[in-house]
Each structure stands twice: as C-alpha cells, then as structure tokens.
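This report concerns only the one structure given below.
The values are calculated or read from the model by the stated rules, or taken from the named source; none is laboratory data. Note that this is a predicted model, so its numbers are computed, not measured. Glycine gets a Cβ as well: all are built from the backbone with ideal geometry, and neighbour counts include every protein chain shown. SASA here: full protein model, heavy atoms, side chains in, ligands and nucleic acids out. Shrake-Rupley method; radii C 1.70, N 1.55, O 1.52, S 1.80 Å.
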Amino acid sequence: MRVKAVVTRILQQIFRDKRTIGLLIFAPILVLTMLHLIFNGDDYTPKIGMVDVPDMISDNLDTGAEVTYYTEEGSAEKDLEKQLIDGYITFTGNKPSAYLEGSDPMVNGEVIRWIHSTFAPLQKNSQEDLSVHFLHGANDMGQFDYFGPVLLGFFVFFFVFIIAGVSFIRERTTGTLERLLSTPIRKWELVTGYTIGFGTITLLQSTLIAAYAIFVLDMMMEGSFFHLLMIILALALTALTLGILISSFANNELQMIQFIPLVVIPQLFFSGLFHLETISDWLSWIGPLTPLYYAAEALRDVMVRGYGLSEIYNELVVMIGFSCLFFFLNILSLRKYRKI
C-alpha cells in the first residue's frame, strides 16, 4: 500500500504539470519528424562550371549536375570564391583539370565522382589523368576538419544556453529575483547585470573550449584566432540571452532541460551538418531563422576558408541582432514578476 501511495503521488504530480506532459510528448515527435524530413531529402546535386569546353565533350555530357558554361576562367574563379559553384573544369586539349572550392569533403567527393563518371566514357584513363586543385582545404581534408567548426559552435551554444537558463531559474526559485525586483532597480538594469555577469563566465568557458579545439585537438585553423573568438563571443551572447528568455517559460530545472529538443537540437540540423539543398522544403526555410546557422557559416569561413572580418561581418551583425532581440524580450518577460 505504501508503494501504491508513492506511485499515485508521482503520477498525480506529473499529470498536474501539463507543460511537462506536453514537452514529453511533443518534443520527441518534433525531432523525429525533422529527422524523417532530413534523411528523406533529395540527393545533393553538384554545381559544376565548364570553361571553354570542347564541343565534342559538351555534346556528350551526362546529366546529374547543374552545369554553367564560362568563356574565361576568371569568371568561373570568381563564382567559385563566392560559392556559387562547387568547382569548375578547364581543358588542355581534351584533358580536364578540376578546381574545387574544397571546404566540404562531401561536396568534393560528389564533384569528383561526377567528373569521373562523365568523362570516363569520353576518354581513356580519365581518372588517372585528372588534375585536381583546391581553393580551400586539401585532398586529405578530413570530416572532422569540416564538421569541427559546427560542433565547436554547437557545444558552446548548448552549454551556455543550459548554464544561463538553469542559473536564472535558480535565481527565481530561491527568491533572489523577487527580492531584486522589490528594489528600485529597473528591468533593463537587471537584465544587463545578469547578461554581463553570466557573460563573463561564458566568455572564459568559450575561450577555453576554442583554444582546446585548435591547439590540442589540432582542428583546422586557416584564419585568425581573434576572429574566431569574436564569433564565439557573439554566439555565446546569443545563447546566453536566449537561455534566460526560455527560462521564463519553465517552472523548474527539469522543464528547462525539456526545452532542449525544441530550441537547441533543431538548430543543429540547419547548422551545416546537412546541406540545406538536400533537406525537404518543409524545413529548409527554418535555417536562416536560427542563430547557429550564421555562427556555423562564420566559423567555417574563418577556420576552413581563412576569411577575415569583412567576410564574416554580416553573420556577426545577425548574431548580435538576435542577442538584442532576446535582450529586449527578456525585459518584457520581467513584467510578469513585477509591474512598473
């Protein structure tokens, strides 16, 4: 009977918390649906440029790629730098030479496979004769070098989000927030104080994680470490303000954890682990609405492509914009704790 009483109390406690019940059911369904749409997406179609291709070859090209024709190599090279094409092919006689953007090993493999399958029927020993050049990366670039920047950004975002959210909930449950709100302090001053306080810790944490990944794990780093820290700081600030905002919708630490499949995990799908071009149209539009989408692109630009501040400026501005939006929403959310 005592066991029955304990079981009854636990079940009643859970079923009274409608938010927990909703998250337990809705969150796994959402994630599984996303995985279904992602893994059932289209195959990646390489984008190939052809420079001064001989008529004999152009008339016999197989389909399976988006082919753009150029009359001069300079135009193809500019489009390659802008990532409008994955690679382009030039011809010396009938011998092709491939120039790849190179930052994504999966795309490199698709481009080279297409070239081999296309030119193998047209000439003998095409695979042995193919000369491959890389704008970024190299032939021996590993998957960790490409996915590393995404994972670095994700783990920074994930842990800062959790630390900020759980810490802010603790401020509420211990009564600290209510005591602060009973003083003349303004809401924006309170949010600023929390952001700077938590931000100092997250800045140290993010710097140590980035330094460990670069200098201990030997993750590819073609650009400036200072620019990397700028991206990490902007991402951490976004995760910090978002974590504080989401915590206002959670009644305890358990509910904060339950928000992870709704807020954090979906962003991983649009951060570069999967090509948006292969993801179902039902989901691909979500990517540009998530902070991690911009952070991952900026991290790859610096770590893999060696770009500078001018190339990552737009991504930094967007992430700072997210932080400002979440900061403003945090101020508004404090109204339910104190009316001014």
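The table below lists the values:
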read-out: From phi via Karplus (6.51, -1.76, 1.60), per-residue ³J(HN,Hα) for segment 48-53 in Hz, x at Gly/Pro; value: 10, x, 10, 9, 6, 6
read-out: Whole-number percent relative contact order across segment 189-340, with pairs defined as alpha carbons under 8 Å at least 6 apart; value: 33
read-out: For segment 176-250, radius of gyration divided by Kirkwood radius, i.e. Rg to Rh on alpha-carbons; value: 1.13
read-out: Estimated vicinal HN-Hα couplings, Hz - segment 105-110 in sequence order (Karplus 6.51, -1.76, 1.60; Gly, Pro = x); value: x, 5, 5, 4, x, 5
read-out: Carbon and sulfur %, accessible surface of segment 176-248 computed with the full protein complex present, 1.4 Å; value: 72
read-out: Vicinal HN-Hα couplings computed from phi for segment 198-203 (Karplus, 6.51 cos²θ - 1.76 cosθ + 1.60; Hz; Gly/Pro x); value: 5, x, 4, 5, 5, 4
read-out: Packing rank of 225-231, 329-335, where each peptide gets the mean count of other beta carbons within 10 Å, highest leading; value: 225-231, 329-335
read-out: Cα-based shape type of segment 227-275, given that a ≥ b ≥ c are square roots of the gyration tensor eigenvalues and the cut on a/c is 1.5; value: oblate
